[in-house]
Amino acid sequence: LASRYNDMHWRSAFGMSFLAFMVFRIFSSALLIVLLVWAFNEFFKRSLHSIQTSLAQPLGYGLLYLVAVPILLAIAFISIVGIPAALIGFNIYGLSLILGHVLGAILLTYWIEGGRRADWTKGRIMLISVGNYLLLKLLSFVPFLGWLISSLVVVTAFGIILLEIFRKEDEIETIA
């Protein structure tokens, strides 16, 4: 029984849908980058102090975040009282993983700016961050090595953000 529809129509429709989704994803990520840089410019600039000496500490905290948070949420999910908190926690954790490339691209841009000892405008930071986001997404399609590099950038970004959030107030005053 031959189908009235050619298989090629379905494949081209799938390809166009995938392309439309990727374009939508790039534009929504670019909008998110613009909003995050606009709202948290000083936070991102301040947060890069933790990688001035070595990348080991932010990488360790990022790996701890990726491993320990789901375990703690699963433990909370076991108790009746912890189920609502665990459900909210899993949603926030999933959202952070989805936004990992965006955060990684922004912090990579600020790291490049600091390494060049430049003072870029917010617009330039936003534009370079979008380029870094595209680079990270393209790298994540490369088997193993690209995925590994992209994952290391994202994990380090999580660690940098955690270190900045939990830094003591007296350290902030000393650096500023």
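Could you list, in sequence order, the residues of region 54-81 that are of a type in the set (Ser, Thr, Tyr) and at pLDDT 90 or above?
If the condition is that a residue be of a type in the set (Ser, Thr, Tyr) and at pLDDT 90 or above, then Tyr61, Tyr65 are the ones that fit.
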remark   = Within region 65-84, the residues that are in contact with a Leu (Cβ under 9 Å, 6 or more places away or on another chain) and touching a residue at least 24 places away in the same chain (Cβ under 8 Å) are Tyr65, Leu66
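Each row is one residue, and each column tells you yes or no for (1) of a type in the set (Phe, Trp, Tyr); (2) modelled with pLDDT of 90 or more; (3) surrounded by fewer than 12 Cβ atoms within 10 Å (Cβ to Cβ); (4) part of a helix (DSSP H, G or I).
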| residue | (1), (2), (3), (4) |
| --- | --- |
| Ala13 | no, no, yes, yes |
| Phe18 | yes, no, yes, yes |
| Val23 | no, yes, yes, yes |
| Phe40 | yes, yes, no, yes |
message = Name the residue that is nearest to Ile161 (Cα to Cα), counting only residues in region 98-146 that are hydrophobic (A, V, I, L, M, F, W, C) and loosely packed, with under 13 Cβ neighbours inside 10 Å.
response = Ile98
query = How about region 51-94: which of its residues are surrounded by 13 or more Cβ atoms within 10 Å (Cβ to Cβ) and not in a helix (DSSP H, G or I)?
reply = Leu55, Gly82
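Under 20 Å from Ser151 (Cα atoms), in contact with an Asp or Glu (Cβ under 7 Å, 6 or more places away or on another chain) and either of a type in the set (Asp, Glu) or at pLDDT 85 or above (or both): does that describe Ser47?
Yes: the conditions hold for Ser47.
The values are calculated or read from the model by the stated rules, or taken from the named source; none is laboratory data. For clarity, every value in this text was computed on a predicted model and none was experimentally measured. Here Cβ is always computed from backbone atoms with ideal geometry, including for glycine, and neighbour counts include all displayed protein chains.
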